[in-house]
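Before any comments, here is the structure.
The values are calculated or read from the model by the stated rules, or taken from the named source; none is laboratory data. Just so it is clear, the model here is predicted, and its values are computed rather than measured. Cβ sites come from the backbone with ideal geometry, for glycine too, and all protein chains shown count toward neighbours. Ligands, DNA and RNA are excluded from the accessible area calculation, which covers all protein heavy atoms including side chains. Shrake-Rupley method; radii C 1.70, N 1.55, O 1.52, S 1.80 Å.
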Amino acid sequence: MQDFVKLLGLKHRREVAGKSAIFSGEQFVLEETDWYLLNLFRLWWHYGISFLRLQMWVEEVMEKFMRIYKYQAHGYAFSNLEELLRSLGGETFINMTQRSVAESLLEVGVTQRFIDDVIAAVLRSSYGQSVLVPAFAGAMSLAGAQGNAWAVEGGNKLVCSGLLKLTKAKVIQARVTGVSLHSSDGKALYQVRYEDDEGQGSAFYDMVVIATPLHSGRSNITFENFDPPITDFPGSFHPTITSVVHGYLNSSYFGFPDPKLFPFASILTTDSPDLFFKAMDNICPVNISGAFRRKQPQEAAIWRVLSQQPLDKQQLKTLFRSYYSVQVTEWQAYPHYDSTKSIPPIILHDNLFYLNGVEWVASSMEMAAVAAKNVALLAYNRWYQDLEKIDQKDLMHKVKTEL
């Protein structure tokens, strides 16, 4: 994603300082301050060296994951996600897709209390799920929570629209309904059927990339003439309700009767049955001027609330003293990781590729970008029969010798 931003001449959005805290439903179990050393002391006082063990574990995972950028820079690709993971971290990375993040962290000495308070809060905010998510997905989420997250000035959507414009691709504004297999001169040919406001249409392609989830209830694309047949993959998606509220925060609910004293811009939560929301934060515009400042806690501000179910009036009244507007969006945000342990394939047929299987390893914009580049390299290498660039072993050694 960083390369895309540079390529398109975009800028990072200016950061606006704001403190975070973790709420249990009754009290804040951990509060961030303006002083880095005090934050470290509080972590040590409450959880011992668990935060150091967590950081070491995440850094080890990320250091190995970063190898993918070198591999892709040299044109190497992988025909399935298991091979990709194995090339980065061996069988350890494969196992991390099959066991929970809680189990993995306990194994390296992180305490159960730290997992219940901090790890659970981060995962509820990012994936909306518990510490039972796979360890690899959990590591990616925890890496993003360590202060390295960034946004694009003007909105992250500018990356997608900018790349589409840069490729000068012909965009057909229609919904794909089916893909059928044909042949021409002994080679596979794919007919893509679609429909729009004017009716139905179709076109033939040598190569097709499916970039939408092929899971039950998520796709209406049918596949014809394929042997073996292509069917929906197992697993479901986890719904998230996003409520954007313009209003006055009820700081008394969080233990601050005087709203002027409420110091937090982001509130994470532990996995408590009494809590009806996962996380909430005071959000900033996509364009931030030099004069921009966050609203004071006693002022009306824009808050984003993440929840499992739509907030009713009583719940809104619990979180806000009063409000002007509420905009609610429900979306199938991430895979429900407890629903299946299987990882979908990349190659559905000779030149028919599937991008979205990477979500079942870990779901983020960066993972999607890595998977997209892998599919592009894989398709290119297969088309030109450059098989030495696919599923190669000991790539670290090969890359070093190529430098």
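Laid out as a table, the results:
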quantity	calculated
Long-range HN-HN contacts of Ala333 with modeled amide H, under 5 Å	His238, Thr240
Greater than 22 Å apart at Cα, pairs in Lys6/Lys400; Lys19/Lys295; Lys11/Lys165	Lys6/Lys400
Solvent-accessible surface ranking, highest first, for Arg99, Arg218 at 1.4 angstrom	Arg218, Arg99
At most 13 other Cβ within 10 Å, DSSP loop - chymotrypsin sites (Phe, Trp or Tyr not before Pro), segment 1-47	Trp35
Average silhouette area of segment 155-206, convex hull of alpha-carbon atoms, in square nanometres	5.1 nm²
Euclidean distance between Cα centres, segment 296-313 to segment 66-112, Å	36 Å
The chain: relative contact order in percent, alpha carbon pairs under 8 Å with at least 6 residues between	23 percent
Options Pro259, Phe226, Ala139, ranked by Cα towards positive dipole end of the chain, top entry (Cβ charges)	Pro259
Centroid-to-centroid separation of segment 145-203 and segment 1-46 [C-alpha atoms, Å]	35 Å
Nonlocal amide H pairs with Ala279, under 5 Å, H built at 1.01 Å	Leu306
Rounded tilt (10° steps) of 157-167 against the dominant C-alpha axis of the chain	20 degrees
In degrees, nearest ten, helix 365-383 long axis to first principal axis of the chain (Cα)	10 degrees
Accessible area, probe 1.4 Å, largest first, for residues Leu311, Leu7	Leu7, Leu311
Trypsin sites (Lys or Arg not before Pro) restricted to DSSP loop in segment 251-335 with at most 10 other C-beta within 10 Å	Arg293
Amide proton proximity set for Glu153, modelled H, under 5 Å, gap of 5+	Lys11, His12, Arg13
Square roots of five times the Cα gyration tensor eigenvalues for segment 264-356, Å	36, 21, 12
Partners for Lys393 among lysines (Cα-Cα distance below 26 Å; same-chain residues under 8 apart left out)	Lys64, Lys70, Lys341, Lys373
For segment 1-105, average projected area of the Cα convex hull in nm²	10.4 nm²
Reach of Lys313 by Cα under 18 Å, taken over lysines that are not fewer than 8 positions away in the same chain	Lys278
Total charge dipole magnitude, the chain, about the Cα centre, Cβ charges on Lys, Arg, Asp, Glu only, Debye to nearest 20	1160 debye
Phi to ³J(HN,Hα) by Karplus 6.51 cos²θ - 1.76 cosθ + 1.60 over segment 258-269, Hz, x for Gly, Pro	8, x, 5, 8, 6, x, 9, 9, 9, 10, 9, 9
Virtual spin-label span in nm between Ala211 and Lys70, 7 Å along Cα→Cβ	2.9 nm
FRET efficiency, 1/(1 + (r/R0)^6) with R0 30 Å, evaluated for Thr318 and Glu198 via beta carbons	0.05
C-alpha center-to-center spacing [segment 214-228, segment 318-384] in angstrom	17 Å
Cα-centre dipole for segment 106-171 with unit charges at Cβ (Lys and Arg positive, Asp and Glu negative), debye to 20	560 debye
Those GluC sites (Glu not before Pro) in segment 329-403 that DSSP places in a loop and that have at most 14 other beta carbons within 10 Å	none
Alpha carbon convex hull of segment 35-79, volume per residue in cubic angstrom	88 Å³
